[in-house]
Structure formats: C-alpha cells, structure tokens
Amino acid sequence: MLIYLLCSLDRSNIGNAKVLNDTTGNDLLQSISLSTQDYTTALMVFLIAYFIFETPSNYMLKAFRPSRWIALLMFSWGAMTMCLGAATNFGSLTAVRFLLGMFEAGLFPGLVYFLTFWYKPNERAIRVALILACATLAGAFGGAIAYGVGKMNGTGGLEGWRWLFILEGIPSCLLSLLVLALFPDYPETVRWLNAEERELATRRLQGLASVGHSKISWEEAKKTLKEWRLYVHYIIYICISVPFSSISLFTPTIVSGLGYTGLDAQLFTVPPYAVAFVVTVTISWLSDKYEKRSIATSFCLFIAGIAFIVEGVLAPTAFKARYGVLCVAVSFAFASIPPLLSWLTANLQTTGAATLGVPMNVSMGAIGQIIGVYIYKASEAPGYPTGHFTNAAFALLGSFLALVLRTVYVRWNRKLGINEREWRV
C-alpha cells in the first residue's frame, strides 16, 4: 500500500503542479512556457510508456523476483520524479515523463499479479482495493502537500512546483532500499515463515493461486491470447480507465472550475479522494464477502455514470452541488476497479495466464487513459461538459458489459461437468 501510495503521488503530482501558484504566474505552464496542448502531450507520452512496458515488466518481475524488480522500479521512478523538478522546456518535461511512465508501468499489474501468489480468489478484491485506494489517498495527500509546498514558492530561487517534484520523489528512492531488503517474494520461499508455516501457506493455495516456481510456456501464452472472454474484461477496464485517468490528472483543474482558486484549489481536492477511499474499501470487502464481483463492478460504474451525467447537466455556477456530485463520481469510479481486477484474476486458472492476462488487462487500460487526457478542455471551463459526458458514456458502457460477461459465465457454469472448476462471478 505504501509503495503504491508513493507511485500514485509521483504519477499525479503534475496535475497539482499545473495550477500550483498560478495566481502569481509561477505554475508549471507559465514557468517553462507550456501551452495546454504541450501539457496534454506530456501526459499522453507517459501513458504510451505505460502501454508499452506493463506486460514486459510482469515477465521481468517473475524472472528477477518481486523484491528486486519492484525495488529497482521504485528507485528509478523516484529519481525521475526529482528530475521533473529540473525541467526547463517542453522537450525535457516530455522526455522525463516518458521515463517516469516506463518505470511506473510495471508496478500496479505487478502488485495484482503478486497477490495471486499469496491469496485465494475470494481474498483478493479487498487487498487490491486497499492498494488501489492508496491512489485516492495520494490524491488527498497530494492536494494537502501541494498546498503546503506552494508556500515554498521562491525558496532557493525555485518555483513551488519544482519543490513539489523534488520533495515527492525523495521518499520513493529511500523506501526502495527497504523494499529490496524486506519485501517477501513467494510463500514457498519467504524467510520469516518456518518450514511448517511455508508448507501450510502453499497447501492452502493449491489449485487456487499462482506458483512462484512455475515456468511460463508459449502454449499457455497462446491460449491466453486467444480467449475472447478476456478481451471483454479488457474492454471493461478501458471503460473504467477513462474516468480514472481524467480524475487523477484533472481533479485540481475541475475543482478550480468549481469556484476555488490558487492554493484553495489544492486543498479542496482532498475531500473527494477521502470519500473515495472509504467507498472503495467498503465495496471491495462486500464483493469478496458475498462473491459478487461482477455485480459490484457494474453497480459502481452505473452510479459513477449517472453522477457524471448530473455533473454535466448542472449549471456551471452551481458550485456546491457540482462539488458534492464530483465526490460521488470520483468515489464510485475508483470503487469499480478492485472488484473487476479480482474477478479477472479469479478466472485466470494458471500461473502463465495470470502472468500475461493481468498486465495485458492493465496495459489495455492505457487506451482509456489516453482518451481521458483529452476530454477536459480548457476552453470549456468551468463546466467541462465534454469531459463529464464522455466519462458517463464509458462508465455506463462498462456497467452494461460487466452484466453481459456475468451472464456468459453463469451459462458456462450450468454446462460444467462434475469436478470441473467453476467460473467466478
């Protein structure tokens, strides 16, 4: 959770940097003469790196062990975040954002894959939620940190946004050393369990989880690539990724469009994320407890879709109502992701399928994230109707597809023979 919290801080702080000290002319865009299009391009390049490197990174995690690979990624993205504080023009900002995306790409699919080695399918959604919910905490902390760092504007001759990147990159570099020393790899090799406990941990997961010593074959990979049902999972994740991306990157901008300016725009990004943390964890716990992952996914996306429609329909000057609806939209958009990922991993029945299926799912999400980068247009402030209605359309489509896929799995289960493994819904 702490690793992903720092990753999320380092990924989304560019949204805070965009408006930090904008009233004094010292924000990111004004300091290095960026246009809105330049800023959007820098965001997109980051996501392209995500798309390219997520799947290869999972194979590297398996080859080099989770502790070593995650520590390397963590140190590298921390260093890149600090380097963003030295950007002087569009070229340097974009190049470093690409490298940041390259190193951060493997973390989330790697952690979801990592959980398949340690937990049964009905134990995963709440853990994915606790990890993912740290992105909402990062949004809350990021706004609060940016509010404080904004007061450092001009210290040492540096703008506040440069201090933001530098100070938020340092913890990732330092914690990577602890990850290398302490992060456990697999139940069958972990050092802080004795032989009997390792045997118990391995036996309880037999047939239900990925195995650390398992080798990945080309036959498994081909079979995974040919399964059409997985592509429906991927499309649903693309639908989720549009609001996830736009919310993560543009919440400070959206909040500034709700009537809050300057450092207040940073501070008022905190409540939507705080509410989202509670909602995400609660929904995921319920989806695990009652084995209703598909229903939880569809329900959350439906509520998020309706909230985005309301957000787009309300008058641009209805600031208080739009702020309340934004809290609902953010909460349920985030809450839809852990049940969906838990549902996917529960239906990946071999280690090879999990190694390929999880990162393919998350990397396909980059398509949705790229769309999310472009939908909140500066020319449409403060209402941003295109952004809100686009998010609504994708959320409602994802809700519908989740119900369709659930129906398919239910029908397949009715045709299963004795001792055949059921499809999880």
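The trypsin sites (Lys or Arg not before Pro) of the range 286-388 that meet both conditions, a loop assignment by DSSP and at most 15 other Cβ atoms within 10 Å of the site Cβ, are LYS377. Taken as Cα centroids, the range 54-98 and the range 367-411 sit 28 Å apart, rounded to the nearest whole angstrom.
Each of ASP38 and MET60 was given a label point 7 Å from its Cα along the Cα-to-Cβ line. The distance between the two points is 3.0 nm. Shown is the FRET efficiency for TYR231 and THR386, computed with R0 = 30 Å from the Cβ-Cβ distance and rounded to the nearest 0.05: 0.60. Taking GluC sites (Glu not before Pro) as exposed when DSSP calls them loop and at most 12 other C-beta atoms lie within 10 angstrom, the chain has its longest site-free stretch at 1-419. Dividing the summed helix terms, -39500 (n - 2.57) for each DSSP H run of n ≥ 4, by the number of residues in the chain produces a 222 nm estimate of -25500 deg cm²/dmol to the nearest 500. Work out, in µm²/s and without decimals, the Stokes-Einstein translational diffusion coefficient of the range 330-378 at 37 °C, 0.692 mPa s, Rh from Kirkwood over C-alpha pairs. Roughly 264 µm²/s, to the nearest whole number. Taking only the C-alpha atoms of the range 24-144, the Rg (one decimal) and the largest Cα-Cα distance, Dmax (whole number), read 16.7, 53 Å. Each eigenvalue of the Cα gyration tensor of the chain, multiplied by 5 and square-rooted, gives one semi-axis; in descending order these are 36, 26, 18 Å. The loop-placed trypsin sites (Lys or Arg not before Pro) in the range 379-425, going by DSSP, that have at most 16 neighbouring Cβ atoms within 10 Å of their Cβ come out as LYS415, ARG421. Selection among ALA346, PHE64, ALA125 by position relative to the dipole of the chain gives ALA346 as farthest towards the positive end (Cβ unit charges, Cα centre). Compared with the dominant principal axis of the Cα atoms in the chain, helix 195-204 is inclined by about 90°.
With charges only on Cβ, +1 for K and R and -1 for D and E, what is the dipole size of the range 288-371 about its Cα centre, in debye, rounded to 20?
Computed charge dipole of the range 288-371: roughly 160 debye.
Would you work out the charge dipole size for the chain about its Cα centre, treating the Cβ of every Lys and Arg as +1 and the Cβ of every Asp and Glu as -1, and quote it to the nearest 20 debye?
1120 debye
If I model a spin label as a point 7 Å beyond the Cα along the Cα-Cβ vector, how far apart are those points for ALA393 and TRP285 in nm? Result: 3.8 nm between the two label points. If a spin label sat at a point 7 angstrom from the Cα of ASN419 along the line to its beta carbon, the backbone N atoms of the range 179-208 nearer than 16 Å would be those of 207.
Between ALA181 and TYR409, full extension at 0.36 nm per residue minus the direct alpha carbon distance yields a gain of 77.9 nm.
Express the C-alpha Rg of the range 66-111 as a ratio against the empirical globular expectation 2.2 N^0.38 Å, rounded to two decimals. Don't skip to the end; give the middle numbers.
Working: Rg = 11.5 Å, N = 46, 2.2 N^0.38 = 9.4 Å.
Scaled against compact globular proteins, the figure is 1.22.
For the chain, the solvent-accessible area of protein heavy atoms averages 39 Å² per residue (probe radius 1.4 Å; ligands and nucleic acids excluded).
Set the Förster distance to 60 Å, then compute FRET efficiency between GLU219 and GLN30 from the Cβ-Cβ distance, nearest 0.05. E between GLU219 and GLN30, to the nearest 0.05, is 0.60.
Where the accessible area of the range 42-153 is counted over protein heavy atoms with a 1.4 Å probe, how much of it, in %, is carbon and sulfur?
Roughly 74 percent of what the probe reaches on the range 42-153 is carbon or sulfur.
Applying both filters, DSSP loop and at most 12 other Cβ atoms within 10 Å, to the chymotrypsin sites (Phe, Trp or Tyr not before Pro) of the range 160-199 gives TRP192.
The values are calculated or read from the model by the stated rules, or taken from the named source; none is laboratory data. Since the structure is predicted, the reported quantities are computational estimates derived from the model, not experimental observations. Neighbour counts run over all protein chains shown; Cβ positions are idealised from the backbone, glycine included. Each accessible area value is taken on the protein alone, full model and side chains, heavy atoms only, with ligands, DNA and RNA left out. Shrake-Rupley method; radii C 1.70, N 1.55, O 1.52, S 1.80 Å.
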